[in-house]
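Engineer: My questions all concern the structure below.
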Amino acid sequence: MKTYILQYLSYILGRPAQQINYFESLENDLQLDSIDRLDLIYKLENMFGVELSSEAIENVQTVDDLCYAFEQSRMVAAH
């Protein structure tokens, strides 16, 4: 899942996935404003067939946070 999220970020940012660090801030480092961030999350929710809670969305600050939120959401959906 992390690889897919990195590839999707690479696509929307127009830069190689190898240049995207898991600890980069979506807002400060990747220059995604709050609307871009919510749009990204919405598109990933549709792609993965899961929905993040409001709390999970609020906690997403970095690429790693984003990956973790979706991994947790898929685990919950699987049970």
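No lab work stands behind these numbers, since they all come straight from the coordinates. Quick caveat, the model's predicted, so the values are computed rather than measured. Don't worry about glycine lacking a Cβ; one is built from the backbone with ideal geometry, like all the others, and counts go over all protein chains shown.
Engineer: May I ask you to compute the full-extension gain from Tyr8 to Glu58, defined as 0.36 nm times their residue separation minus their alpha-carbon distance, rounded to one decimal in nm? Present the calculation step by step, with values, prior to reporting the outcome.
Structural biologist: Working: separation 50, 0.36 × 50 = 18.00 nm, distance 2.04 nm.
Extra length from Tyr8 to Glu58 when fully extended: 16.0 nm.
Engineer: How do Asp33, Asp65 rank when sorted from fewest to most other Cβ atoms within 10 Å of their own Cβ?
Structural biologist: Asp33, Asp65
Engineer: How large is the Kirkwood hydrodynamic radius of the stretch 3-46, in angstrom, based on all distinct alpha carbon pairs? Write down the numbers at each step before the final one.
Structural biologist: On the way: mean 1/r = 0.0941 Å⁻¹.
About 10.6 Å for the stretch 3-46.
Engineer: For Tyr11, Tyr68, Tyr22, which order do you get if you count the other beta carbons within 10 Å of each Cβ and list the fewest first? Could you put the intermediate results ahead of the total?
Structural biologist: Values: Tyr11 10, Tyr68 17, Tyr22 14.
The order, fewest Cβ neighbours first, is Tyr11, Tyr22, Tyr68.
Engineer: Here is a follow-up. Of Ile35, Ile20, how do they rank once you tally other Cβ atoms within 10 Å and put the fewest first? Please list the in-between numbers first.
Structural biologist: Values: Ile35 8, Ile20 17.
Result, fewest neighbours first: Ile35, Ile20.
Engineer: Right, next: In Å³ and rounded to a whole number, note down the convex hull volume per residue for the Cα atoms of the chain.
Structural biologist: 78 Å³
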